[in-house]
1. Quick one, what does Rg over Rh come out to for region 16-113 if you take C-alpha atoms and the Kirkwood Rh?
2. So how tilted is helix 39-52 from the main axis of the chain? Cα-based, degrees 0 to 90, rounded to 10.
3. I need the peptides 105-114, 8-17, 37-46, 81-90 ranked by packing, meaning the mean over residues of other C-beta atoms within 10 angstrom, with the highest value on top.
4. How much length is gained if the chain between residue 74 and residue 112 is pulled fully straight, taking 0.36 nm per residue apart and subtracting their Cα-Cα distance, in nm to one decimal?
5. Sort 115, 19 so the one with the fewest other Cβ atoms within 10 Å of its own Cβ comes first.
6. Rounded to the nearest 500 deg cm²/dmol, what is the calculated helix-only ellipticity per residue at 222 nm for the chain, with -39500 (n - 2.57) per DSSP H run of length n ≥ 4?
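A short reminder: the numbers here are calculations on the coordinates, not readings from a lab. A quick note: this is a predicted structure, and the numbers were derived from the prediction, not measured. Note that each Cβ is placed from the backbone with ideal geometry, even for glycine, and that neighbours are counted across all protein chains shown.
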Ligand code: FES
């Protein structure tokens, strides 16, 4: 496949033509309401903890992506994990560390942090 190095005058780099290595894709909402609840600080904690485990953008590891609103704003900050399709409400630094250690590194769903939808 030909690497894209220039697209209509937009800056480019060969690394930006590759999908990063990962087994799980983690989507942290940094929409307006989750940001007001501290999502940007959680982003730093998640990234730092994943780096401590050498578990970010490596085979078997995590690709961490910020998103806009994922919709259940009242239950945020919202973080989703695929392929498991887990929806989490992460409310503190301790929650973020727990999520990394137990689910993203350990492979076990953190039931206590799952978003429970009410009918
Ligand atoms: S702003 Fe995060 S779910 Fe809406």
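1. Working: Rg = 12.4 Å, Rh = 13.2 Å.
For region 16-113, the value is 0.94.
2. Long axis of 39-52 versus the principal axis of the chain: about 70 degrees.
3. Details: 105-114: 13.3, 8-17: 8.7, 37-46: 18.4, 81-90: 16.1.
So the order, starting with the most tightly packed, is 37-46, 81-90, 105-114, 8-17.
4. Numbers: separation 38, 0.36 × 38 = 13.68 nm, distance 1.71 nm.
Here the segment from residue 74 to residue 112 would lengthen by 12.0 nm.
5. Values: 115 15, 19 7.
Taking fewest neighbouring Cβ atoms as first place, the list is 19, 115.
6. -5500 deg cm²/dmol
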